[in-house]
1. Just to be sure I understand, how many residues within segment 1-49 are among the aliphatic types (A, V, I, L, M) and under 19 Å from Leu59 (Cα atoms)?
2. Of all residues in segment 24-64, which are in a loop (DSSP other than H, G, I, E, B) and either in contact with a helix residue (DSSP H, G or I) (Cβ under 8 Å, 6 or more places away or on another chain) or open to solvent by less than 100 Å² (accessible area, probe 1.4 Å) (or both)?
3. Which numbered condition in (1) at pLDDT 80 or above; (2) surrounded by fewer than 10 Cβ atoms within 10 Å (Cβ to Cβ); (3) not aromatic (Phe, Trp, Tyr) is the only one that Leu2 fails?
4. Across segment 10-23, what is the number of residues that are free of Cβ contacts under 8 Å to residues at least 24 places away in the same chain and open to solvent by less than 80 Å² (accessible area, probe 1.4 Å)?
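The values are calculated or read from the model by the stated rules, or taken from the named source; none is laboratory data. Quantities reported herein were computed from a predicted structural model and do not represent experimental measurements. For neighbour counting, all protein chains shown are included, and Cβ atoms are generated from backbone atoms with ideal geometry for every residue, glycine included. Quick note on the areas: whole protein, heavy atoms, side chains included, nothing else; ligands and nucleic acids left out. Shrake-Rupley method; radii C 1.70, N 1.55, O 1.52, S 1.80 Å.
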Amino acid sequence: MLNIIKILSLGIVIVLAHLLGRRWFKVPLPFILIGLGILFSGFPLYLNLTFNPDLFTFLIIAPLMYIETKGASRYWIRG
């Protein structure tokens, strides 16, 4: 149950950072997310947070690669 709370709270922070970054800050979103990550790393709840590399690959890397391949040109790929 604690892991679900951790993941949900991180998701909420990411959505809020995206909304705040568009409206009030003139800083690119990755910088805001890095700053929030540094801030969250000091909370006792997140001190021992570890991610399974297989889960990270399945949930993050695979969708990013899929999105990139949809936008790639056949002419560009053929070289």
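1. 11
2. Phe25, Val27, Pro28, Ser41, Gly42, Phe43, Leu49, Asn52, listed by residue number.
3. (1)
4. 5
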